[in-house]
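The values are calculated or read from the model by the stated rules, or taken from the named source; none is laboratory data. If you're wondering where the values come from, they're calculated on a predicted model, not measured in any experiment. Reconstructed Cβ throughout: ideal geometry from the backbone, glycine too, with neighbour counts over all protein chains shown.
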């Protein structure tokens with residue numbers, strides 16, 4: 001009969017023997033080999049929004065919905081435009097009716113269940129539009145919290161969702177401080193802006209960039225010093241949204257005001 | 001219609017994609033795991049710490065914990081948009097996510113409870129199997145004999161030494177189960193506490209608060225169910241005695257007030273701990289008043305005032321605290337107290353899960369959750385009152401089934 005002592009000894013030996021070859025696997029991590037071969041990534045997609053140029057026409061939202069097959073009338077969108085109206089007495093009113101798909105057709109501000117609020121022109125101190133989309137964060141909380149690895153970050157920085165693997169728990173939706181994620185009404189999985197990854201890879205621009213008549217939206221490669229977007233980001237005063245969350249957002253804004261949420 | 005739109009009411013500015021995505025089932029999830037963990041901790045008080053007076057309720061709560069166990073992941077399944085893909089969590093766990101370890105923690109805990117139960121009931125299985133083999137008549141008895149033989153797993157030795165070893169194993173497993181049960185539930189708290197995007201959820205205290213309230217709710221449900229089952233047995237016993245003309249002494253008695261009083265004392269200890277931590281969290285938030293405090297204050301003190309201060313702290317904590325701590329605790333008062341405690345813990349889960357989504361991450365608007373009562377679609381059933389009641393009722397059904405095989409009270413018959 002086997003004694004407890006020899007059992008423990010042999011069990012340790014077997015466990016040790018099994019772990020040893022596993023350690024060797026680490027040596028052949030394909031991603032690291034690839035990285036060493038290519039001497040680091042060459043592309044980092046970033047976005048530049050010039051809020052001074054945005055007029056809130058909503059063409060970007062419309063183009064995005066069509067390009068990315070987000071049901072046209074569903075009350076969700078990969079990108080949207082917000083209107084900010086700051087009154088002289090210090091109130092800030094914000095709205096984005098229907099994600100601004102049809103632009104801002106009324107001067108009344110949509111406060112949802114609180115109704116439409118009319119602000120007289122002479123009471124307005126300042127008003128502006130802010131387009132929003134996924135920030136393709138360098139430290140994406142949505143990727144961190146996905147329990148099955150269905151959402152991931154590509155080597156060029158874009159965060160994507162695998163529609164075949166997402167279980168639809170909604171943890172990523174909860175984890176995003178920017179509210180860019182939602183459930184796709186048809187596929188019933190997490191959905192988000194992808195910087196039109198399918199277009200970028202064909203050398204095209206994103207649908208929203210192409211649709212913007214005023215050049216308020218631009219997409220570029222941060223690792224290319226000659227890229228016009230990179231030049232603006234590196235030489236001008238740009239800001240990002242909600243820096244305090246440590247997500248390292250990669251959508252840069254020109255002319256952002258302190259009221260922007 | 002977009003997921004979440006059916007039950008979300010927006011006020012002021014809310015991001016277009018924001019809805020209440022985590023609804024009633026996510027309230028049920030920590031509530032149910034809390035009950036599992038709490039019931040187990042109660043049973044361990046007897047098995048590990050040798051609180052002899054709790055012997056009867058210990059066995060009861062262990063079986064109850066096992067019945068509750070499958071009901072903990074049930075709300076998650078009802079909540080998933082792709083429930084058929086649930087096994088992905090086990091197949092490709094992504095360990096940077098707090099949810100990824102759920103399968104592992106849950107299965108570990110399940111195995112501990114199952115093996116502990118086996119050691120507790122092995123003697124009973126052997127006795128039943130042998131009894132049925134000798135005296136069994138008909139197909140049902142034959143099948144039952146096979147069932148009990150299978151349940152013994154081939155360990156037929158019921159000598160004194162073997163049973164003593166069983167007891168030792170129970171003690172070890174119950175001891176190992178306490179940290180795992182706490183982990184199971186503390187971890188549910190971590191799922192919320194680690195969401196940095198949510199101002200109400202993000203606090204390191206969340207796992208500890210969850211554990212304390214879990215134990216509170218688990219003990220409360222055990223007291224309540226114990227009393228209910230005892231009263232039911234008494235009633236049935238009286239009826240059987242009248243029918244069979246047995247002497248009155250043979251009827252099973254009702255719930256033992258001494259057991260209830262002692263268990264209630266343990267409940268009070270954890271209740272005080274839970275309230276202390278929750279209040280600490282609230283005071284700390286108010287005192288530090290970071291960016292999110294403005295919106296949190298309007299949610300806590302205005303929008304959710306009734307749910308938090310009246311239902312949770314008042315009716316759910318303060319009133320039962322008084323009821324249970326006054327001397328000479330009667331069964332009736334204990335039942336009222338534990339019912340209120342359960343309401344309080346449920347409201348705490350509600351106020352965390354739904355309250356955490358009551359404001360937009362833009363901090364410029366609010367969202368209100370309208371619980372779907374009459375289901376208009378599968379979605380509003382799953383994430384509505386119907387789904388919640390289904391989850392809440394399931395443990396009792398399972399408990400009934402399991403207690404057919406594992407009797408919770410010492411039987412009058414001798415095998």
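Quick notes
- Every listed requirement among (1) surrounded by fewer than 19 Cβ atoms within 10 Å (Cβ to Cβ); (2) not in a loop (DSSP other than H, G, I, E, B) is met by residue B:181 save one, (1).
- Note on segment B:74-97: among residues that are at the interface with chain A (Cβ under 7 Å from one of its Cβ atoms), closer than 21 Å to residue A:183 by Cβ and not in a helix (DSSP H, G or I), the one that is modelled with the lowest pLDDT is B:92.
- Candidates A:94, A:124 - the one that is in contact (Cβ under 8 Å) with a residue 24 or more places away in the chain and at the interface with another protein chain (Cβ under 9 Å from one of its Cβ atoms): A:94
- Residues satisfying the stated conditions in segment A:160-186, i.e. facing another protein chain (nearest Cβ under 7 Å) and outside any loop (DSSP other than H, G, I, E, B): A:171, A:173, A:174, A:175, A:182, A:183
- The one condition in (1) touching a residue at least 40 places away in the same chain (Cβ under 8 Å); (2) more than 10 Å from every other protein chain (Cβ to nearest Cβ); (3) under 20 Å from residue B:16 (Cβ atoms) that residue A:157 fails to fulfil: (3)
- All positions within segment A:107-121 that are out of contact with any strand residue (DSSP E or B) (no Cβ under 7 Å at 6 or more places or on another chain) and either away from every other protein chain (no Cβ under 14 Å) or under 27 Å from residue A:252 (Cα atoms) (or both): A:107, A:118, A:120, A:121
- Residue list for segment A:103-124, restricted to those being closer than 20 Å to residue A:51 by Cβ and not in a strand (DSSP E or B): A:103, A:104, A:107, A:119
- Just so you know, in segment A:135-149 the residues that are without any contact (Cβ under 8 Å) to a residue 60 or more places away in the chain and assigned to a loop (DSSP other than H, G, I, E, B) include one that is surrounded by the fewest Cβ atoms within 10 Å (Cβ to Cβ), and it is A:149.
- Of all the criteria given as (1) under 26 Å from residue B:61 (Cα atoms); (2) surrounded by 13 or more Cβ atoms within 10 Å (Cβ to Cβ); (3) over 19 Å from the mean Cα position of the chain (by Cα), the one not satisfied by residue B:304 is (1).
- Residue count for segment B:345-356 under the criterion of being out of contact with any strand residue (DSSP E or B) (no Cβ under 6 Å at 6 or more places or on another chain), within 14 Å of chain A (Cβ to nearest Cβ) and within 17 Å of residue B:305 (Cβ to Cβ): the result is 3.
- Output for segment A:206-261, where each listed residue is without any contact (Cβ under 8 Å) to a residue 40 or more places away in the chain, more than 14 Å from every other protein chain (Cβ to nearest Cβ) and within 30 Å of residue B:194 (Cα to Cα): A:239
- Boolean, residue B:123 is more than 29 Å from residue A:187 (Cβ to Cβ) and either away from chain A (no Cβ under 14 Å) or modelled with pLDDT under 90 (or both): yes
- In the set B:69, B:45, only one residue is more than 11 Å from chain A (Cβ to nearest Cβ), in contact with a helix residue (DSSP H, G or I) (Cβ under 6 Å, 6 or more places away or on another chain) and more than 20 Å from residue B:405 (Cβ to Cβ); that residue is B:45.
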